[in-house]
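Heads up, the thing below is written out as structure tokens.
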Amino acid sequence: MSSPVVATAAMNLHLQSGKTPLHILKDIEFSLAPGEVVAVVGPSGSGKTSLLMVLGGLEQATNGAVSVAGTMLTGRSEDELAIFRRKNLGILFQNFHLIPSMTALENVALALEIAETGQSYSEIMGAATAALTAVGLGDRLDHRPKALSGGEQQRVGLARAIVSKPKLLLADEPTGNLDQDTGAKVIDMMFALARDNGTAVFLITHDPALARRADRVLSMNHGHLTAITQSVPA
Ligand SMILES: Nc1ncnc2c1ncn2[C@@H]1O[C@H](COP(=O)(O)OP(=O)(O)O)[C@@H](O)[C@H]1O
Ligand SMILES: [Mg+2]
């Protein structure tokens, strides 16, 4: 059996709001296998984004263990976490976060340059073109974000997130700004690409129909993460 991409144990996140201590994440025990897709649902303010930030090394857990792609994230310096992120992570945001002055191709190529894969310029351009073609945008390579629809921009975001074949893809309500059909298409592509690459997916969504497509659905409530559905062991 291959080792999990994500494993947390007895993990807590405490933050401070002014003088008020906040217990944001409570005793999180959670693991994610290579290629597995997990959806996380739960009310606003329950801690979903906070958990994503901890898994992405963007927020440090207060205590407990967090291992992602074989790296223990607790007690790392900011520099170590930055290197961890660019080698192991893809992130898909609700608001796309594309660079407006760059074409679709340049946006995707930039992610590969940052990942420092050791590829040559022509290899990077080839891989970026292939990723955009895989999301159905092979004829939009030279378009800047403002010349693309919301669904197309999010597909560029997806191509950018997966072009480096990350071990873990983190997505925070990636279809929140798309109509339902467009959102469903983006999610289908995300799942297919993840399976092709063996990428584990952590998907936060408000949409129960999208959540049901995942291998497993988890629920966050007041900082507690619980299983709603469990995949049946093969
Ligand atoms: N940097 C922060 N400092 C203090 N409190 C925060 C911070 N980030 C989030 N919170 C609080 O943590 C709780 C969980 O937030 P969040 O993880 O964004 O929830 P969700 O994504 O489920 O809506 C909320 O009560 C929020 O106000
Ligand atoms: Mg959130």
Original post:
Taking the condition surrounded by 15 or more Cβ atoms within 10 Å (Cβ to Cβ) and farther than 20 Å from Leu58 by Cα, does Arg160 pass?
Top reply: no
Subject >> Residue within the stretch 44-62 that is of a type in the set (A, V, I, L, M), more than 17 Å from Ala9 (Cα to Cα), within 16 Å of ligand 1 (Cβ to nearest atom) and touching a Ser or Thr at 6+ places or on another chain (Cβ under 9 Å) present >> reply: no
Original post:
Could you say which residue among Leu178, Leu193, Leu210, Leu203 is modelled with pLDDT under 90, within 16 Å of ligand 2 (Cβ to nearest atom) and among the hydrophobic types (A, V, I, L, M, F, W, C)?
Top reply: Leu210
Subject >> Identity of the residue in the stretch 35-71, surrounded by fewer than 16 Cβ atoms within 10 Å (Cβ to Cβ) and in contact (Cβ under 8 Å) with a residue 60 or more places away in the chain, that ends up nearest to ligand 2 (Cβ to nearest atom) >> reply: Pro43
Subject >> Subset of the stretch 178-211 [in a loop (DSSP other than H, G, I, E, B), without any contact (Cβ under 8 Å) to a residue 40 or more places away in the chain and surrounded by fewer than 17 Cβ atoms within 10 Å (Cβ to Cβ)] >> reply: Asp179
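The values are calculated or read from the model by the stated rules, or taken from the named source; none is laboratory data. This is a predicted model, so every value here is computed, not measured. All Cβ positions, even for glycine, are placed from backbone atoms using ideal geometry, and neighbour counts span all protein chains on display.
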